[in-house]
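J.: Pasting a structure here, questions to come.
The values are calculated or read from the model by the stated rules, or taken from the named source; none is laboratory data. Treat the numbers as computed from the prediction; the structure is a model and nothing was measured. Methodologically, a virtual Cβ is constructed for each residue, glycine included, from the backbone with ideal geometry; neighbour enumeration extends over all protein chains shown. Quick note on the areas: whole protein, heavy atoms, side chains included, nothing else; ligands and nucleic acids left out. Shrake-Rupley method; radii C 1.70, N 1.55, O 1.52, S 1.80 Å.
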Amino acid sequence: MVNKIDHVGIAVRDLAAAKEFYEKVLGMKVTAEEVVEEQKVKVAFIPTGDSEVELLESTTPDGPIARFIEKNGEGIQHIAFRVDNLEEKLAQLKAAGVKLIDEKPRRGAGGAKIAFLHPKATFGTLVELCERE
Ligand code: ZN
């Protein structure tokens, strides 16, 4: 089952400047920040209601977020849906012939289990599925 939008991932060039906008201008609050080495990214989480904004800054010029910005500019990079059982969901999607980037869950920011679906299978949006304890 897909429960809700867990978060929206936004690629930015300058995490400090983006955080300042969300905090000082919009009056929101950054509650967690972390570096995810595997994805070469520095992440800041900003909860709003039952969901979060995930700001993403690349830690290297060749990381996936740096490449995304080079190609598309800054902006929404992915949308993440919360699921109850990620392994089961991935197995269902695979059986249905859906193109996946991750066939097995991997570790995302905040200790979540995550997997990405291929944008070719999702009408152009990079979709992340996310399971949290
Ligand atoms: Zn995400």
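J.: If one takes the longest principal axis of the Cα atoms in the chain, at what angle in degrees, from 0 to 90 and to the nearest 10, does the Cα axis of helix 86-95 lie?
T.: 50 degrees
J.: A further question on this structure: Need one number: % antiparallel among DSSP beta bridges in the chain, to the nearest 5.
T.: So the antiparallel bridges in the chain amount to around 75 percent.
J.: Roughly what would the spin-label model give for K4 and V25, points 7 Å off Cα along C-beta, in nm?
T.: 2.7 nm
J.: Counting only Cα atoms, I'd like the Rg/Rh figure for the stretch 1-130, Kirkwood definition for Rh. Please report the intermediate quantities before stating the final value.
T.: Details: Rg = 14.7 Å, Rh = 15.2 Å.
Reported Rg/Rh (Cα atoms, Kirkwood Rh): 0.97.
J.: Moving to a separate point now. Using a 1.4 Å probe over the heavy atoms of the protein chains, calculate the carbon and sulfur portion of the accessible area of the stretch 2-131 as a whole percent.
T.: In the stretch 2-131, the share of accessible area belonging to carbon and sulfur is 52 percent.
J.: Something else about it: Calculate the dipole size of the stretch 1-40 relative to its Cα centre from +1 charges on Lys and Arg beta carbons and -1 charges on Asp and Glu beta carbons; express the result in debye to the nearest 20. Kindly include the intermediate steps, with their values, before the conclusion.
T.: Numbers: 6 positive and 8 negative charges, 45 e Å.
Magnitude of the dipole: close to 220 debye.
J.: When the helix-only estimate is applied to the chain (DSSP H runs of n ≥ 4, each -39,500 (n - 2.57), divided by the residue count), what is the mean residue ellipticity at 222 nm, nearest 500 deg cm²/dmol?
T.: Computed mean residue ellipticity for the chain: -5000 deg cm²/dmol.
J.: Per residue, how much accessible surface does the chain expose to a 1.4 Å probe? Answer in Å², no decimals.
T.: 57 Å²
J.: OK, next. Based on alpha-carbon centroids, what's the gap between the stretch 33-47 and the stretch 116-133 in Å, whole number please?
T.: So the separation of the two Cα centres works out to 18 Å.
J.: Using the crude model of +1 on Lys and Arg Cβ and -1 on Asp and Glu Cβ, and no other charge, please compute the dipole size for the stretch 6-133 relative to its Cα centre, in debye to 20.
T.: The dipole magnitude comes to about 360 debye.
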